[in-house]
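Reading through the structure tokens given below for one structure.
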Amino acid sequence: MYPIIYVIAERCIACGICYLSDVCPVYAISEGPNGVPVFNEDDCILCGACVQKCPVAAIVMNN
């Protein structure tokens, strides 16, 4: 089973939009290996802002 929110690393272009900007209202995203975002699941409020802002649909949220 996947976590509620995750990154499809093969799609991610490491643009940083999700962690370098104010996309996440609680700053639950940080830069991981090779620029792929890492989510702090304890802080994430599952608002979906990062999902909507990702230009390559690499961030996915389960329903």
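The values are calculated or read from the model by the stated rules, or taken from the named source; none is laboratory data. Keep in mind that what you see is a predicted model, and the values were worked out from it rather than measured. Here the Cβ positions follow ideal geometry from the backbone for every residue, glycine too, while neighbour counts run over all protein chains shown.
On the stretch given as the range 5-63, residues that are of a type in the set (S, T, Y) and in contact with a Pro (Cβ under 9 Å, 6 or more places away or on another chain) total 2. Being at pLDDT 95 or above, more than 11 Å from the chain's Cα centre (by Cα) and acidic (D, E) is the filter here, so list the residues in the range 23-42 that pass it. Correct list: empty. If you go through the range 32-63 and keep only what is within 14 Å of I13 (Cα to Cα), in contact with a strand residue (DSSP E or B) (Cβ under 8 Å, 6 or more places away or on another chain) and assigned to a loop (DSSP other than H, G, I, E, B), you end up with G32, V36, A58. In the set (1) out of contact with any Asp or Glu (no Cβ under 7 Å at 6 or more places or on another chain); (2) at negative phi, Y19 fails one condition alone, (1).
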